[in-house]
Amino acid sequence: RNESVSFNLVLEAATNAAPGVSVSFNTLTGPNGAKIQTTNQASGSGVFNWVGRPIELFYMKYLQIKGLSSFGWYRGNEYQLPARFARPNTNGSGVGGWADRPDHDKFYPDILVPIELVPTFTVAAKQNQSVWGDIYIPKGTPAGTYTGTITVAENGTVTHSVPVSLTVHGFSLPDTPSIKGLSNLDAIEIMWRYATGVNGYANWQTPQGIRVRHITDVYYQFFHRHRIDLISGETEVPSHQGIHPLFMPRYDGSLYTSANGYDGPGVGVGTSIYAIGAYGSWGRNIFDKQTMWNFADPIGNWFAANMPNLQYFIYLQDEPTPNDYPNIENWAKWLAQDPGNGHNMLSMATVGMPSANAYMPDLNIVAESNMMGDCPIGSPNNCDNTAYTNSALSTLKAKPNRHLWEYGGAHPGSGTSNTEDDGVAMRTWPWVQAKLGIDRWFFWYANLNSQQADWFQSACTWGCDSYPDPLWGQASPDNYTNGDGVLVYPGSDVTNKQDSFGVDGPFASLRLKEWRRGTEDADYLTIAKQIDPVSAAAILAKVMPAAIWENHAPGWPNGDPSYFKAPDSWSSNPDDWEAARAQLGAIIVNSCVNNPSASYCQ
C-alpha cells in the first residue's frame, strides 16, 4: 500500500497498419468487492488532478538515438555500455563502428503522455507502440488479489482484452522515502516554455504570472508523486528572510492535498528540503564573518519560528576550483560559528570528499560527482582507491552535522540518466545510497533550460552542437549526451508549437519512473532491515555487489585506479531486481503475520 506499480502493454501491427486504436483500463476488483478504481475522468490539464485517479495510462513517445552519450561510461572499451550499444567484442575490445552497434539510430521510449491527450492513435505496419500503466495503491486498501481487464479497440470495436492481476500485500510504504532523491527545477524554463517564449518575463502578480506559479506548483506535485524532492533556488533567494508565502504550501504540505488536486504518496507531507540560492545564485559577495551573520541570522530566525524541522541549506558554490576553496571554507566556518540562529543554515558545495576534508572541513553537505573514488595527489598507481575513499567518508561523518550527497551517474559505479542506458539504470541509485550511506542523490536539473530546443524531437540534451562520428554516431566538443538534465517534458511549448499538447504540467520520462521504482525498492529494504538485517544485507550485497568507489581497477593492486576497464558488478536484467524486491517483500509479509501491530503493517 501507498506504492505505485507499473506495467507496459506493447501493441504490435505485424503486417498492416492498425488505425484508430484506443486503450482503456480503470478498475481492479479485489476481496469482497474492494476496488482500486479511477472514477474521475480527466481531460486537458485535468490530467494533473490525481484525486479519484489511482490508475493512469500513458501513450509512449519515442526518441531516436543518433549517438552514444559521452557522460556515464568509460570509452576505452565496450564493457560498461548497454549490451544493445556494445560492438561485437572480445575481452572489452570492439570491432566495427557505429553501424555495428545493434541499436544504432533506433528509437527509444521515454516520453509518457497521458492517454487522455492521445485518445486514438495508429500503429504503423511492422512497428509497435507501448502504453504504460501506473497503479497507485491507496492507503487502507484491503490485502488480496485484484483483477481487471485492459480493452484494446480499433475504430471503436474491441479487438483485444488483456487480463491484469495485482497482488496487494498487507504492509505500507512510508509517506517520506527512507532514501532521498533531489532535483533542481528551473522555474524560468517553465515561464519561457508555457507562457512568454525565450527571454520573456511574466510578473508573478499578473494573470500570466499566476498561471506560471500554478504550473510550477504542479511540477512540485508531480515530483512528489514520484517521491523526489525539488528545489528551485533561482526564484527563492529569500527576500522575506524565509520562505515566501506564495511557496509555503509546498513545505507545509497543503499543496499535496485533495483541495489542490493531489492524491498519492505523501498526502499532507511537505517537501523535505529548501535551498537558498541554488547553484550559487545567493550572491557570493560576503567577505567577513559579521556580514555573513547579518545575512544568515534573519533567515535562521524565520525558520526557527515557522518551520523548525525543515532542512535548509545555502548552495555556496557549484564545482569550485581550488582557488575557490578558501572562500567556501570561510563561509561554512562563519556559519558554524554564528552565535545566532544562522548557524542552523547548512552549507553545501559540489566538491569531492578528499578536497572537502582537506580544505573545507566546516562544509556541512559535500555533494560529489559519482566517481570511482579518489586518491591523494601524487599517489602511486597502486593506490587503494576503495580504502582511501572509505577513510575519507569516515573522516567526513566523524564531525557532527556533515552529510554526503552524490550527483550524476557513471558505470560501473551506478547506472546513468542516459536515455539509451538499460531500464534499471536510475533504479540503481537508491540501492547505491543504501549500500554506502549516501544521504541524498542530487540530479542536477529536472528541466534543463536549453531555450528553443524541442525535447520531443531530440534525444540529445547536452553538447548537441555535434558532428558525425564513425564510432559513436555523434560527437561534440562539449560531451554529446542523451537525457542529461531532462527528467520531464513540457506539456506546453509556445516556441515549438508543433509538439505542444497545450496542458499546464509536465510529462514523465521513463527514466523518472525507474528512479521512483528504486526509491520504493529502498523502502522495502529499509523495512526488511528492521526485521531481518542479515537477510536484507545479503540481498543488498547480491543486487549491488560493488558500488561507486568499491570498484577496484582490474588487476588491482597493480592497476591504475583512474581507469575502470571492467563490467558492472550489478545485473542489467530487471527480473533480477524484481526477484530481490519479492524476497524483501516476503520478509515484511511474514513479519506482519506474526506482528500485525507493527507500524508498517497498518
Show which lysines lie in cross-link reach of LYS399 when reach means a straight Cα distance below 27 angstrom and same-chain residues fewer than eight apart are skipped.
LYS180, LYS289, LYS333, LYS435, LYS529
Let me see the P(r) profile for segment 486-527: every Cα-Cα distance counted, bins of 10 Å, each bin given as a percent of all pairs.
27, 33, 22, 13, 4
Just check segment 100-207 against the gyration tensor rule for me: Cα atoms, a ≥ b ≥ c as the square roots of the eigenvalues, rounded for a/c under 1.5, and otherwise prolate or oblate depending on whether a/b exceeds b/c.
oblate
Considering only protein heavy atoms and a probe of 1.4 Å, how much of the accessible area of the chain is carbon and sulfur, as a whole percent?
51
Peptides ranked, highest mean first, by Cβ atoms within 10 Å: ranges 256-262, 119-125
256-262, 119-125
Taking amide H positions as placed in the peptide plane 1.01 Å from N, state which residues far from VAL123 in sequence (5 or more) or on other chains have amide H under 5 Å from it.
ALA18, VAL21
Over all distinct alpha-carbon pairs, what is the Kirkwood Rh of segment 49-142 in angstrom?
16.7
Could you work out the mean projected area of the convex hull around the alpha carbons of segment 428-469, in square nanometres to one decimal?
5.0
By what distance, in whole Å, do the Cα atoms of segment 167-238 stretch along each of the three principal axes, largest value first?
50, 25, 20
Taking max minus min of the Cα coordinates of segment 304-440 on each principal axis, largest first, gives extents in Å of 47, 39, 25
I need the per residue convex hull volume for the chain, using only the alpha carbons, in cubic angstrom as a whole number.
168
From DSSP H assignment alone, runs of 4+ in the chain each adding -39500 (n - 2.57), the sum over residues rounded to the nearest 500 puts [θ] at 222 nm at -7500 deg cm²/dmol
Order GLU3, GLU319, GLU550, most accessible first, counting only protein heavy atoms with a 1.4 angstrom probe.
GLU319, GLU550, GLU3
Assign unit charges at the C-beta atoms only (+1 for Lys and Arg, -1 for Asp and Glu), then state the dipole size of segment 1-92 relative to its Cα centre in Debye, rounded to the nearest 20.
180
Please list, short to long, the whole-number percent of alpha-carbon pairs of segment 9-73 in consecutive 10 angstrom bins beginning at zero.
14, 30, 26, 22, 7, 1
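Working out 0.36 nm times the residue gap between VAL198 and PHE7, then minus their Cα-Cα distance, what length gain in nm do you get to one decimal?
65.0 nm
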Apply the a/c threshold of 1.5 to the C-alpha gyration tensor of segment 465-585 and tell me whether it is rounded, prolate or oblate.
oblate
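Past the 25 angstrom mark, what percentage of all C-alpha to C-alpha distances in segment 393-541 do you count?
Summing the P(r) of segment 393-541 above 25 Å gives 43 percent of all pairs.
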Mean projected area in nm² (Cα convex hull; one quarter of hull surface) for segment 133-278:
12.6
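Using only alpha carbons, build the gyration tensor for segment 213-309 and give me the equivalent ellipsoid semi-axes, biggest first, whole Å.
Its equivalent ellipsoid spans semi-axes of 28, 14, 10 Å.
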Need one number for segment 373-480: average projected area of the convex hull over its C-alpha atoms, nm².
10.2
Accessible area per residue, Å², the chain with all protein chains present, probe 1.4 Å:
39
Identify the trypsin sites (Lys or Arg not before Pro) of segment 80-169 meeting these criteria: DSSP loop state and at most 16 other C-beta atoms within 10 Å of the C-beta.
LYS106, LYS126, LYS139
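With charges set only on the Cβ (+1 for Lys and Arg, -1 for Asp and Glu), what does the dipole of the chain come to about its Cα centre, in debye to the nearest 20? Could you put the intermediate results ahead of the total?
Numbers: 37 positive and 55 negative charges, 195 e Å.
Dipole magnitude for the chain comes out near 940 debye.
With +1 on the Cβ of every Lys and Arg and -1 on the Cβ of every Asp and Glu, and nothing else charged, how large is the dipole of segment 286-425 about its Cα centre, in debye rounded to the nearest 20?
560
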Among PHE287, ALA546, GLY76, the residue whose Cα sits farthest towards the positive end of the charge dipole of the chain (+1 at Cβ of Lys and Arg, -1 at Cβ of Asp and Glu, taken about the Cα centre) is ALA546
So how long is each side of segment 248-358 along the principal axes, counting just the alpha-carbon atoms, biggest first, in Å?
50, 29, 22
Approximate shape of segment 1-157 as ellipsoid semi-axes (Cα gyration tensor, √5λ), whole Å, largest first
37, 21, 14
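The values are calculated or read from the model by the stated rules, or taken from the named source; none is laboratory data. Values in this document were obtained by computation on a predicted structure and should not be read as measured data. Please note: Cβ atoms are built from the backbone with ideal geometry, for glycine as well, and neighbour counts cover all protein chains shown. Side chains are part of the model used for accessible areas, which takes the heavy atoms of the whole protein and leaves out ligands, DNA and RNA. Shrake-Rupley method; radii C 1.70, N 1.55, O 1.52, S 1.80 Å.
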